[in-house]
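So the structure is just underneath, and the comments pick up after that.
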Amino acid sequence: MSLLEKVSNLAKRRGFVYPSSEIYGGIQGMWDYGPLGVLLKRNIKEEFWKSMVQEREDVVGIDASIIMNPKVWEASGHTEAFTDPLVDCKKCKKRFRADHVEGKKCPDCKGELTKARKFNLLVETSLGSIEGEKQTAYLRGEITQGVHANFRQVLDSTRVKIPFGIAQIGKAFRNEITPGQFTFRSREFEQMELQYYIKSVEAEGKKWFAYWKKERMDWYEELGMNKKNLRFREHEKDERAHYARDAWDIEYKLDGEWKEFEGIHHRGDWDLSRHQKFSGEDMSYLDDKTNKKFVPWIIETSGGVDRAALFFLADSYVEEKVKDETRTVLKLHPKLAPYKAAVFSLLANKPKLVKFARSIYDDLRGEFMVAWDERGNIGKRYRAQDEAGTPYCITIDFDSLEKGDVTVRDRDSMKQGRVKVKKLKEYLTGKLNQ
């Protein structure tokens, strides 16, 4: 069984990810995040926001609407160029991206393929309540354009000065031809991006492009991703957008294949120039030192939240022998772990133990995401929390009632120690912030 299969099985079993509307047979390329998955994604997004906005003076945030004026997509080139070539197999009727197929035979059944046809990736919708008078619109195919369309408003309503960035996290939608590989290629997905505006000078472009490449790779490594599974890959000339001055991907190695999950792109002045042309609004920046106007260049970092979540799960997935059984554990970085700790009463049928354990649980959850678990014996509870990625398990036993301390078990080492209840918050805070 591949690592991707193991992760997808665990994800469903433990409540990270479910197939969307599964009771009705599901819908291809759509996924629902369960109780653990929604916490994991939230933690990823919070760490992104903290790193990219909260801790910086030169970046502000925005949350643009999913549906915008259709002219936005005309200006960005999406309605014209946002297409993939596709081929159909005449025998098995499966559809493939033409650039993913070698030769003229179906990769599955070796049947004859149709000629390649263009396939628009934008998802259409309509606005209005009266049939025949509805306006065609699109669910955004990327979150990028909502930032650029608001460039002038952000500039006029804040005190930002170039170089500065606008960050955004949000949903995007694409008519993926062949969604698959679990959540890797989906039709609804979430992005976390930065659009960083700089002077239109070659030296500035090279400096900031190199800077953001390093910043983004460092972020993944600091959150625990194995360096051996990460790499940069430069785009080939024939795969670059025509306006891109430079483009690199951060890729993760899964089951022997390198897969892209964040791009760093030098977009030049393409976006602002196009929106200036199509809207008639001035998108230039006035340098108060030189008193000269210019259309800024843009360095973009564009990452997938869902793909990051998938690769954090894959990277942390470990199977190890413990005595005569195999322990499955997610060794997630504590900052990303859905629950920071789980609280147990040693015995579920002893009211005094349960009451004391509940009081500790209630106290801790005011500051941490904490799980309460009273299913089965202690060993089974440990294994369940290992699969959930919970860094610490706290057990209340009879000694706890007498001495005011608890047993704290570390997820990765499985070592246990006693900690005073009065010191428990301080202990967890120290461990989680290491």
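What follows is calculated from the coordinates using simple rules that are stated; it is not laboratory data. What you see is a predicted model; the values in this text were computed from it and never measured. Using ideal geometry, Cβ is built from the backbone for each residue, glycine included, and neighbour counts are taken over all protein chains shown.
For the stretch 339-432, what is the percent of antiparallel DSSP beta bridges, rounded to the nearest 5? Just about 55 percent of them are antiparallel.
Cα centroids of the stretch 349-420 and the stretch 196-229: 41 Å apart. Normalised by the number of residues in the chain, the mean separation of alpha-carbon contacts (under 8 Å, six or more apart) gives a relative contact order of 13 percent.
In angstrom, the C-alpha Rg and Dmax of the stretch 201-294 are 17.1, 55. Each residue in 129, 8 was given a count of other beta-carbon atoms within 10 angstrom of its own, and listing them fewest first yields 129, 8.
Mean projected area of the Cα convex hull of the stretch 339-432, taken over all directions, amounts to 5.3 nm². From the alpha carbon centroid of the stretch 265-321 to that of the stretch 21-84 is 14 Å.
Quick one: helix 3-13 against the long Cα principal axis of the chain, what's the angle to the nearest 10°, folded into 0 to 90? Relative to the chain, helix 3-13 is tipped by roughly 60 degrees. Comparing 309, 406, 379 along the charge dipole axis of the stretch 294-429, the residue lying farthest to the positive side is 406, per the Cβ-charge model.
Fully extending the segment from residue 228 to residue 352 would add 39.7 nm, taking 0.36 nm per residue of separation and subtracting the current Cα-Cα distance. Dipole magnitude for the chain: computed about the Cα centre from +1 point charges on Lys and Arg Cβ and -1 point charges on Asp and Glu Cβ, it is near 1060 debye.
Close amide H partners of residue 231, meaning residues 5 or more places away or on another chain with modelled amide H under 5 Å apart, are 251.
Between helix 305-316 and the chain there is an angle of about 40 degrees, using the helix long axis and the longest principal axis of the Cα atoms. Between the helical axis of 378-388 and the longest alpha-carbon principal axis of the chain there is an angle of about 10 degrees.
Residues within the reach of a label modelled at residue 13 (point 7 angstrom out along Cα to beta-carbon, backbone nitrogen below 12 Å), restricted to the stretch 374-390, are 383-388. Overall, the stretch 339-432 carries a charge dipole of about 120 debye about its Cα centre when +1 sits on the Cβ of Lys and Arg and -1 on the Cβ of Asp and Glu, all other atoms neutral.
Cross-link check: pairs 12/355; 171/277; 323/403; 321/431; 12/213; 335/420 evaluated at a Cα-Cα cut-off of 30 Å; pairs beyond the cut-off: 12/355; 323/403; 12/213.
Under 10 Å, Cα contacts only: if you run a Gaussian network model on the chain, which one of 381, 185, 216 comes out with the highest mean-square fluctuation? Looking only at 381, 185, 216, the largest GNM fluctuation is found for 381.
The GNM of the chain, with springs linking C-alpha atoms under 10 angstrom apart, assigns the highest mean-square fluctuation among 331, 289, 422 to 289. Residue-wise HN-Hα couplings along the stretch 33-42, as the Karplus relation 6.51 cos²θ - 1.76 cosθ + 1.60 with θ = phi - 60° gives them from phi, are 9, x, x, 7, x, 5, 6, 4, 5, 4 Hz; Gly and Pro carry x. Coordinate range of the alpha-carbon atoms in the stretch 265-312 per principal axis, descending: 47, 28, 13 Å. Computed packing ranks the peptides 415-421, 96-102, 47-53 as 47-53, 96-102, 415-421, most packed first, by mean other Cβ atoms within 10 Å.
As a proxy for reagent exposure, ranking 89, 109 by other Cβ atoms within 10 Å from fewest up yields 109, 89. Sequentially through the stretch 423-430, phi angles give Karplus couplings (6.51, -1.76, 1.60; θ = phi - 60°) of 9, 5, 4, 4, 5, 5, 4, x Hz, Gly and Pro residues having no value and appearing as x. Sorting 286, 424, 347 by the number of Cβ atoms found within 10 Å of their own Cβ, with the fewest placed first, yields 286, 347, 424. Using the Karplus relation 6.51 cos²θ - 1.76 cosθ + 1.60 with θ = phi - 60°, the per-residue 3J(HN,Hα) values for the stretch 87-99 come to 10, 10, 8, 5, 8, 9, 6, 7, 10, 9, 6, 4, 7 Hz, with x marking Gly and Pro.
Stretched out straight at 0.36 nm per residue, the stretch from residue 286 to residue 236 would grow longer than its current Cα-Cα span by 14.5 nm.
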